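*Asks:* Take a look at the following structure, please.
The values are calculated or read from the model by the stated rules, or taken from the named source; none is laboratory data. Small disclaimer: the values here were computed from a predicted structure and weren't measured. So basically every Cβ, Gly included, is an ideal-geometry build from the backbone, and we count neighbours across all protein chains shown. Accessible surface areas use protein heavy atoms only, side chains included; no ligands, DNA or RNA. Shrake-Rupley method; radii C 1.70, N 1.55, O 1.52, S 1.80 Å.
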Amino acid sequence: MLKEGKSRSSRTVVDGTESQSSARQLRSSKRARQATVSSSLHHTPRTVLSWLIDNNVVLPRAKVQYRVKKDGRPMAEGQITRAGIKCKCCQKVYGISNFEVHAGSSYHRPSANIFLEDGRSLLDCQLQMKEKSIVRNTRKRSPLLKKHSHLGTNDNVCSVCHYGGELLLCDECPSSFHTGCLGMKEVPDGEWFCPSCCCEMCGESRFDKNKDHFTESSLLICCQCEHKYHARCVRDKGLQKLDCYPVGKWFCNKRCEQICLGIHQLLAKPVMVGIDNLTWTLLKYVKPDDFDSDAAKDEFVLETYSKLDVALDVMHECFEPVEEPYTRRDLMEDVIFNRWSELNRLNFQGFYTVLLERNDEVITVATVRIYGEKVAEVPLVATRFQYRRLGMCCILMNELEKKLMELGVERLVLPAAPAVLNTWTTSFGFTMVKESQKLNFLNYTFLDFQGTVMCQKLLQNIPPEVSSESTGM
Ligand SMILES: [Zn+2]
Ligand SMILES: [Zn+2]
Ligand SMILES: [Zn+2]
Ligand SMILES: [Zn+2]
Ligand SMILES: [Zn+2]
Ligand SMILES: [Zn+2]
């Protein structure tokens, strides 16, 4: 916080008496309740193929051939159904990967090698789908932008406890807090900035955001933990010599860099887990600006995009719609497709999506964000209705925890809905985060929802003296 400076909404406190009920409604629409309705759609598999059918890009009953080249000899023939490809020779239904295996190929490129009669490969169809959704997204955005008249207002509930009342508003981002929830006794004078908007080292918030020239006060944001730093604070610590803006990704320390490298090694590499062909895969959206003319990369980008859109369908199927109260956008879409914001509270760029699949069919989806070595969060986990109570979530979480441990992440946090709190604390080994412990997490903008209880699990054996020292994280 700064003593000088023009006071914008400084010292402003929202009186909760009448705004509280509307605030409650606002946040309760954010609450991720598990939907109870189930339609017939919920019992059919969700795969990239079913997604293409649902979006009318391929027709059910269309004939397909597996060919290594467009004009090559057909190695297998079949017909498209919502459940998979029905083979002409044996009448069995296969997922696209297994259809490729059944055709006797080990290329591991089923989408590129399965062709429709009209000459399109399934990969071409995925490209059509992606182009279609770009049109969809640009249309969807325009009416939303008009509603942005409320931009510049802060949350009506505290970011820590989710209740209203007298709140201290951040002058940079939409977050609001009770002074008590920040461990502060008084309302500070002048402008005030929340912990996620301040320099991680000196706690000050004034940054020189001019990208053209590099100064002592230039803003540096760690690519992994998303913490902010002044150029001078990084230099003064003597860790890095900086005399200009770093080119490419910047990391605040070696551990953040190692974690980033480590996760990128895991991307889009299915791991066999549990039994019955279950696979665990970590994915991350690749932004269109990262596109280049490399065909192999384009294929990777497309396959990732398609899987993530199927994952989003699963999220929508399992949770009530969640609208970010500030941007009024679909929160799940922004998380899975990594919408960026300069404000940490609204920046979803750090999220990865984990899929648990069997024979190309998506069973469980989770979203994870790793804030360097200190902590990772898993705010959304969704298992499709017909696969609940079969231990699928457990298989996904076990593998995720294993990977996080290997990366050296110390703890995992998640917002537990009351109905499943007991499961997290008994079967999964999580414990509820005490109010006093929440002070340790103020500089992290975890994604959580009103009515949920924050739980944590330690992933490393941290010696007691180290853990007491690290409470200022
Ligand atoms: Zn066959
Ligand atoms: Zn509070
Ligand atoms: Zn802030
Ligand atoms: Zn600083
Ligand atoms: Zn970092
Ligand atoms: Zn990275």
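*Asks:* Can you tell me which residues in the stretch 102-130 are part of a helix (DSSP H, G or I), open to solvent by 10 Å² or more (accessible area, probe 1.4 Å) and aliphatic (A, V, I, L, M)?
*Replies:* Correct list: ALA112, LEU123, LEU127.
*Asks:* Pairs, please: C-beta under 8 Å, at least 6 apart or cross-chain, first residue among the hydroxyl-bearing types (Ser, Thr, Tyr) and modelled with pLDDT of 85 or more and in the stretch 231-253, second open to solvent by less than 60 Å² (accessible area, probe 1.4 Å) and within 16 Å of ligand 3 (Cβ to nearest atom)?
*Replies:* Qualifying pairs under 8 Å: none.
*Asks:* Across the stretch 79-100, what is the number of residues that are modelled with pLDDT under 95 and hydrophobic (A, V, I, L, M, F, W, C)?
*Replies:* So the count comes out to 1.
*Asks:* Among the residues that make up the stretch 268-280, is at least one of them within 16 Å of ligand 3 (Cβ to nearest atom) and not in a strand (DSSP E or B)?
*Replies:* For the stretch 268-280, residues within 16 Å of ligand 3 (Cβ to nearest atom) and not in a strand (DSSP E or B): absent.
*Asks:* Still on this model: For ASP298, indicate whether it is closer than 30 Å to LEU123 by Cβ and not in a strand (DSSP E or B).
*Replies:* Criteria met by ASP298.
*Asks:* Hey, another quick one. Scan the stretch 221-240 for residues that are more than 16 Å from ligand 6 (Cβ to nearest atom) and either under 21 Å from CYS260 (Cα atoms) or open to solvent by less than 30 Å² (accessible area, probe 1.4 Å) (or both) and jot them down.
*Replies:* LYS228, TYR229, HIS230, ALA231, CYS233, VAL234, LEU239, GLN240, listed by residue number.
Yes/no matrix, rows are residues, columns are (1) surrounded by 14 or more Cβ atoms within 10 Å (Cβ to Cβ); (2) within 16 Å of ligand 6 (Cβ to nearest atom):
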residue	(1), (2)
CYS244	no, no
LEU267	yes, yes
ASN277	yes, no
THR281	yes, no
GLU303	yes, no
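*Asks:* Something else now. Any idea which of ALA103, ALA76, ALA35 is away from ligand 2 (no atom under 16 Å from the Cβ), farther than 20 Å from LEU302 by Cα and modelled with pLDDT under 95?
*Replies:* Of the residues listed, the single one that is away from ligand 2 (no atom under 16 Å from the Cβ), farther than 20 Å from LEU302 by Cα and modelled with pLDDT under 95 is ALA35.
*Asks:* Taking the condition surrounded by fewer than 20 Cβ atoms within 10 Å (Cβ to Cβ), touching a residue at least 12 places away in the same chain (Cβ under 8 Å) and not aliphatic (A, V, I, L, M), does ASN210 pass?
*Replies:* no
*Asks:* Does the stretch 70-87 contain at least one residue that is surrounded by 15 or more Cβ atoms within 10 Å (Cβ to Cβ) and in contact with a His (Cβ under 7 Å, 6 or more places away or on another chain)?
*Replies:* Yes, the stretch 70-87 has at least one match.
*Asks:* Would you mind stating whether SER159 is farther than 20 Å from VAL433 by Cα, away from ligand 5 (no atom under 16 Å from the Cβ) and of a type in the set (Ser, Thr, Tyr)?
*Replies:* Criteria not met by SER159.
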